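The values are calculated or read from the model by the stated rules, or taken from the named source; none is laboratory data. Here the structure is a predicted model, which is why all the values come from computation and not from measurement. Here Cβ is always computed from backbone atoms with ideal geometry, including for glycine, and neighbour counts include all displayed protein chains. Accessible surface areas use protein heavy atoms only, side chains included; no ligands, DNA or RNA. Shrake-Rupley method; radii C 1.70, N 1.55, O 1.52, S 1.80 Å.
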Amino acid sequence: PRSLTEVVEDKIRQMIVSGDLEFGEQITETRLSEMFKLSKTPIREALLRLSSGERLVEAKPRCGTFIFSLTEKEISDISTLRIMLEQGAIRAAMKANRAALLVDLGKNLKASECLWEKIDLAVYRSLDHGFHRLFLIHADNPYLLDTYRMISTKVLAMRNRLTFSQEYVRKSIAEHRDIVQAL
């Protein structure tokens, strides 16, 4: 069974990803404690984990605790790291689990193509994230997956605040098809 701290950590992470907690927003243990109807101890521990691991929250001495926010350079750095990790994961996955990777990518692509006519952004975002995550899962390298996890929540949080046009989603699905065919 998961600890109360882990449950709270997941809830706060999801609130950040979904936009219920905004970038740069100040949060307090008291507010979260009242929101979740819990004591401050699991809240404090969850905030510490989110601060030290994924750096989703930042504790500023004598100022408070804030949801992360990113500069243009940090967005660029995260995007560059994501590309590097995915490229390495593709190479590793093609060596370690080529057949299984292609099957799973095919399933994801088929589900994505169902969105061609009627786009549901939440479903698209989930499938898109899953598509890219498959490379890391099939790379069979837990260190690579852990490193990717460190930035993936921030990537999801950024992407969930964007509105994608139907044209963008179709282009993304077509690019995924091209990737699968190339592999």
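See the values below:
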read-out	value
Residue within the range 113-124 that is in contact with a Cys (Cβ under 9 Å, 6 or more places away or on another chain), assigned to a helix (DSSP H, G or I) and either open to solvent by less than 20 Å² (accessible area, probe 1.4 Å) or among the aliphatic types (A, V, I, L, M) (or both) present	yes
Residue satisfying all of: in the range 125-156; under 23 Å from F68 (Cα atoms), among the hydroxyl-bearing types (S, T, Y) and open to solvent by 30 Å² or more (accessible area, probe 1.4 Å); farthest from the chain's Cα centre (by Cα) among these	T147
Qualifying residue in the range 140-147 (condition: at pLDDT below 95, touching a Cys at 6+ places or on another chain (Cβ under 9 Å) and over 15 Å from I179 (Cβ atoms))	no
Within the range 3-31, considering residues that are over 26 Å from A122 (Cα atoms) and in a helix (DSSP H, G or I), the one nearest to the chain's Cα centre (by Cα)	T5
The range 44-79 - residue that is within 27 Å of Y143 (Cβ to Cβ) and of a type in the set (V, I, T) and, of those, nearest to the chain's Cα centre (by Cα)	I78
Restricting the range 32-54 to residues that are touching a residue at least 40 places away in the same chain (Cβ under 8 Å) and assigned to a loop (DSSP other than H, G, I, E, B), the residue that is farthest from T153 (Cα to Cα)	G53
Pairs where the first residue, in the range 1-26, is without any contact (Cβ under 8 Å) to a residue 60 or more places away in the chain and the second is in a loop (DSSP other than H, G, I, E, B) and crowded, with 18+ Cβ neighbours inside 10 Å, C-beta under 6 Å, 6+ apart	M15/L21
Residue match in the range 88-99 (condition: surrounded by 12 or more Cβ atoms within 10 Å (Cβ to Cβ), of a type outside the set (D, E, K, R), out of contact with any helix residue (DSSP H, G or I) (no Cβ under 9 Å at 6 or more places or on another chain) and at pLDDT 95 or above)	no
Hey, D128 assigned to a loop (DSSP other than H, G, I, E, B) and under 24 Å from R91 (Cα atoms) or not	no
